[in-house]
Amino acid sequence: MKRCARCVMPENYPGISFDAKGVCNLCRYFETRWGSWLASAEEQARSEARLRRIFDAAKRKGKPYDALIGLSGGKDSSYCLYLCQKVYGLKVLTFTNNNGFLSNEAKARIEQIVETFGVPHLYYQDPLVLELASVFMRETGNFCAPCELATFNSAAVMAREYDVPLIVLGNSSRTDGSVPKILNPWNPAYFMNVLEGKPYRERLSCSLFARNYLVREGLARVLGRRRIVLLPDYLEWDEEKIAKLFEQDSGIRFGEEHADCIAYEVSDYLYRKKCGGSSHKELKYSILIRAGKMNREEALQRLAKVGGNSPPPGLDHFLQLIGMTRQEFNAASERSPTAYLKGLPKLYNALRRRVRHQA
Ligand SMILES: [Zn+2]
């Protein structure tokens, strides 16, 4: 199989293309967006100064909380809390959106983190999310959209209710590879397209999905009321160092990546089916290679050990939760979100590319 000459993305990955030197479009995009930042200590210092200005402006507002952080129990959100509270002295409010798939391991770690940092923390759980996961699986062959949108909406609702000027997130196009947007769209327009004509109208209007918070947060930003900060966009982000820091400082150990979600393996299985056998691992290793944190040989060796794409051990538990049989799941897994991407969802995806700097 042909792979990118620089990272490890394979030729059968949706949307991938290679230039004359055999380098993929994702690598070229990364180079344009992050090449000079990675190579220049001065540029990194400037972006940190920008971040300090954003934090200082939030502090000057004098609200009860300066920043809202959604804790998943994983490294990135925990490190956001560490930086905001310990390094930059922000008053932080934390919360967790439980989609119904939150693992016990994640719950225990969240409790440990909240206790260690002594921060206020709330759980948000909209009962519709799990039910809609089943609807989206049946219709689009992907069940992540309701949870993704609920995670965004719950942050927006909390920030609004508690009047918090910053929402701080631990992901960035420099540290995270995302699956192709055509396989995992979750913007409000797509969401409504999928549910059109289904008997959910009234319940949606009394739920976390009642309003278009993506547009509302865009307006809040324009009006200077609130902004979303992607923390790794401004700072060095090294997962190994983060893990060490938490273990040494507070004895907190992080498990496998995405161990917070018990449906993660199932989603990965579905993506691999649609991406010629590759998915999160290729994306993750490729991002690490581009950022100079892994060499290509090591990534190739690790990938060689990944077996074929067989249904994950947790599939039956997952199906029990969403009320689906294996036969129904297998049939649904052949479907894709594309039929629901007509019209507005495309505009959202174009906007997202601009805002998040993603290829
Ligand atoms: Zn590449």
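The values are calculated or read from the model by the stated rules, or taken from the named source; none is laboratory data. Computed from a predicted structure; not experimentally measured. Methodologically, a virtual Cβ is constructed for each residue, glycine included, from the backbone with ideal geometry; neighbour enumeration extends over all protein chains shown.
So which of Phe95, Phe18 is at pLDDT 95 or above and within 13 Å of the ligand (Cβ to nearest atom)?
Phe18
When the residues of segment 31-58 are narrowed to those that are surrounded by 12 or more Cβ atoms within 10 Å (Cβ to Cβ) and under 18 Å from Ser178 (Cα atoms), which ends up nearest to the ligand (Cβ to nearest atom)?
Glu31
Is it true that some residue in segment 194-201 is at pLDDT below 95, among the small types (Gly, Ala, Ser) and either on the phi < 0 side of the Ramachandran plot or touching a Pro at 6+ places or on another chain (Cβ under 6 Å) (or both)?
No.
Within segment 100-114, does at least one residue satisfy the condition of being farther than 30 Å from Ile252 by Cβ and touching a residue at least 60 places away in the same chain (Cβ under 8 Å)?
no
(1) in a loop (DSSP other than H, G, I, E, B); (2) out of contact with any helix residue (DSSP H, G or I) (no Cβ under 7 Å at 6 or more places or on another chain); (3) modelled with pLDDT of 95 or more; (4) within 14 Å of the ligand (Cβ to nearest atom): which one isn't true of Arg28, the others all being true?
(1)
Can you go through Ser336, Ser278, Ser267 and tell me which one is touching a residue at least 60 places away in the same chain (Cβ under 8 Å), among the polar types (S, T, N, Q) and surrounded by fewer than 18 Cβ atoms within 10 Å (Cβ to Cβ)?
Only one candidate qualifies: Ser336.
Conditions first: (1) surrounded by 17 or more Cβ atoms within 10 Å (Cβ to Cβ); (2) over 19 Å from the mean Cα position of the chain (by Cα); (3) basic (Lys, Arg). Lys91 passes all but one, so which condition is the exception?
Tallying (1) surrounded by 17 or more Cβ atoms within 10 Å (Cβ to Cβ); (2) over 19 Å from the mean Cα position of the chain (by Cα); (3) basic (Lys, Arg), Lys91 fails exactly one: (1).
Identify, from the list Val23, Val8, the residue that is within 8 Å of the ligand (Cβ to nearest atom), under 23 Å from the mean Cα position of the chain (by Cα) and surrounded by 12 or more Cβ atoms within 10 Å (Cβ to Cβ).
One residue alone meets the criteria, Val8.
Which one of Lys91, Lys59, Lys107 is over 15 Å from Val168 (Cβ atoms) and basic (Lys, Arg)?
Every option except Lys107 fails the conditions.
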